[in-house]
Amino acid sequence: MSTVRRLWIAIGILALLSPLGVIVPKWLGAGGAWGEWGTDEIRTIMGYVPAGMKRLADRWKAPLPDYALPGQSSGLLGESLGYVLAGVIGIAFTAGAMYILTKLLTRKDRTDRSDRT
Amino acid sequence: MHIPDGYLGPATYGTMYAVTLPFWAAASWKLNRTLKAKQAPFLAIGAAFSFVIMMFNIPIIGGTTGHATGATLIAVLIGPWAALIAVSVALIIQAILFGDGGITAIGANCFNMAVAGVFAGYGVYRVVAGAAGVQSARRWLGAAVGAYVSLNLSALLTAVQLGIQPLLEHTPDGQPLYSPFPLSIAVPAVALEHLFLFGFVEAAVTALVIRYFQKNDPEMLG
């Protein structure tokens, strides 16, 4: 099997295992990352939301916030499935964007010349 | 470590865009001259790896979570300039599609994790590995130490950018406009959890993958 194929299988396995990255923290009672709280949580912590933060925080509406799919069923299975699918979508966009960027950055004439020497 | 929108004031996020842009330009210039078309699949996999490894939130019991970035591992495998772009692409997709990290903070987050993370990790790796052969323990050890240093530097930079907000951006009566936590809270909170836990996870992941390539696919480390 080619190295590229084996590495893609490894990425796929990581995507399938990724719900562990949500389930295990929940079991151990861990919250989100420090300093990544939403405005509601900031209000709980500080008692107010700083004015500039309020203005900027929700200006961008991400299509899949928090790696969850719209309409995914609640509960462990639904949330895990949503996380995996969000991961697959993210991997596809990331790898696709990187592949296109790389292709744009590789000038064919230059490559051919260096391959021949 | 993904700074959301609203935590950095315009002076900071603008500066961080201005600081990061030349690195993106330099990386593009460099790759334009050195990259071969057949490397494209490996760069795509590198970016995908960075994306997916950041989905594994590592918990501190009853506390917060953190994650590895893969910056050093990717730099060792595909080179620092390609890794800078790969980790940046992962961070930009995370911000746009998933709201993980802010749009205004893309410059800052890419500088912290992609630019500083990659060059610190790769620099340490090169110093430790030296001219050691592909199978040498110095290769995976160097990568592991580099990964530890890399993640901790990314974390420290993040904490400092958050911690200076109350000093830089406040109302005339002193109320913070953006991230309200001072350096004395932000730096210990973010730095300690990376020094004692997340940094070791980054190092272990990096060492294990390098060991795998040493045994099964040494050409990847050529």
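If each Cα of the protein assembly as shown is one equal point scatterer, what is log10 of I(q)/I(0) from the Debye formula at q = 0.08, 0.10, 0.13, 0.16 Å⁻¹?
Per q value, in the given order, log10 I(q)/I(0) is -0.37, -0.58, -0.98, -1.46.
Per the helix-only calculation at 222 nm, which mean residue ellipticity applies to chain B, given -39500 (n - 2.57) for every DSSP H run of n ≥ 4 and division by its residues, nearest 500 deg cm²/dmol? Please list the in-between numbers first.
Working: 10 runs with 143 residues, N = 222.
Helices in chain B give a 222 nm mean residue ellipticity of -21000 deg cm²/dmol.
Helix by helix through chain A, keep the DSSP H runs that span 15 Å or more along the axis on Cα and average at least 1.0 on Kyte-Doolittle, and give those back in order. Present the calculation step by step, with values, prior to reporting the outcome.
On the way: long enough: A:3-17 (21 Å, 1.70); A:76-105 (43 Å, 1.54).
Those that pass (Cα extent of 15 Å or more, hydropathy at least 1.0) are A:3-17, A:76-105.
In degrees, nearest 10, range 0 to 90: what is the angle between the Cα axis of helix B:199-216 and the longest Cα principal axis of chain B?
20 degrees
Give me the extension gain from B:Val19 to B:Lys38: residue separation times 0.36 nm, minus the current Cα-Cα distance, reported in nm with one decimal. Intermediate results must be reported in sequence, preceding the final value.
Numbers: separation 19, 0.36 × 19 = 6.84 nm, distance 3.10 nm.
Length difference between fully extended and current span is 3.7 nm.
Please give the length that would be gained between B:Gln135 and B:Leu167 if that part of the chain were fully extended, namely 0.36 nm times their separation in residues minus their C-alpha to C-alpha distance (nm, one decimal).
My answer for the length gained is 6.5 nm.
For A:Glu41, what charge total do you get from the other residues with a beta carbon under 15 Å from its beta carbon, if Lys and Arg give +1 and Asp and Glu give -1? Mind dumping the intermediate values first?
On the way: positive: A:Arg43, A:Lys54; negative: A:Glu36, A:Asp40, A:Asp58, A:Asp66, B:Asp5.
Neighbourhood net charge equals -3.
Mind giving me the nanometre distance, one decimal, between the label points for B:Leu208 and A:Thr44, set 7 Å out from Cα along Cα→Cβ?
3.2 nm
Go through B:204-214, B:156-166, B:69-79 and give me the packing order, highest mean Cβ count within 10 Å leading. Kindly include the intermediate steps, with their values, before the conclusion.
Numbers: B:204-214: 18.8, B:156-166: 22.5, B:69-79: 28.9.
Averaged packing, sorted descending, gives the order B:69-79, B:156-166, B:204-214.
Between B:Ser184 and A:Ser74, what's the calculated FRET efficiency when r is the beta-carbon distance and R0 is 45 Å? Round to 0.05.
Values: r = 39 Å, r/R0 = 0.88.
Efficiency, rounded to the nearest 0.05: 0.70.
Within 10 Å, count the other beta carbons around each residue, average over each peptide in B:142-151, B:175-184, and list them highest first. Working shown, then result.
On the way: B:142-151: 27.3, B:175-184: 19.3.
Descending packing order for the listed peptides: B:142-151, B:175-184.
Can you tell me the relative contact order of the stretch A:3-116? Whole percent, Cα pairs under 8 Å, sequence separation 6 or more. Walk me through the intermediate numbers first.
Numbers: 39 pairs, mean separation 29.4, N = 114.
Relative contact order for the stretch A:3-116 comes out at 26 percent.
Estimate the FRET efficiency between A:Ala51 and B:Leu192 by the formula 1/(1 + (r/R0)^6), using the beta-carbon distance for r and 25 Å for R0, to the nearest 0.05.
Details: r = 30 Å, r/R0 = 1.20.
Efficiency computed from Cβ-Cβ geometry: 0.25.
Per-residue mean of other chain beta-carbon atoms within 10 angstrom of the beta-carbon, peptide A:82-90?
Numbers: counts 0, 1, 1, 0, 3, 5, 1, 3, 11.
Per residue, the number of nearby Cβ atoms from other chains is 3 on average.
So, with +1 on the Cβ of K and R and -1 on the Cβ of D and E, and no other charges, what is the size of the charge dipole of the protein assembly as shown about its Cα centre, to the nearest 20 debye?
1420 debye
Tell me which residues come under 5 Å, amide H to amide H, from A:Ala33 once H is placed; ignore anything under 5 positions away on its chain.
Residues meeting the amide H criterion: B:Thr65.
Mind checking B:71-77 for the average number of partner chain beta-carbons within 10 Å of each residue's beta-carbon? Before the final figure, lay out each step's value.
Numbers: counts 0, 0, 0, 0, 0, 0, 1.
Neighbouring Cβ atoms belonging to other protein chains average 0 per residue here.
Is there a simple number for the mean count of other chain Cβ atoms within 10 Å of the Cβ of residues in B:28-35, and what is it?
On the way: counts 3, 1, 1, 5, 5, 4, 4, 7.
What the average comes to for B:28-35 is 4.
Read-outs throughout are calculated quantities, based only on the coordinates presented, and are distinct from any laboratory measurement. Bear in mind that the values here come from a model prediction, so they are computed numbers and not experimental data. Every residue, glycine among them, receives a Cβ derived from its backbone with ideal geometry; neighbour counts consider all protein chains shown.
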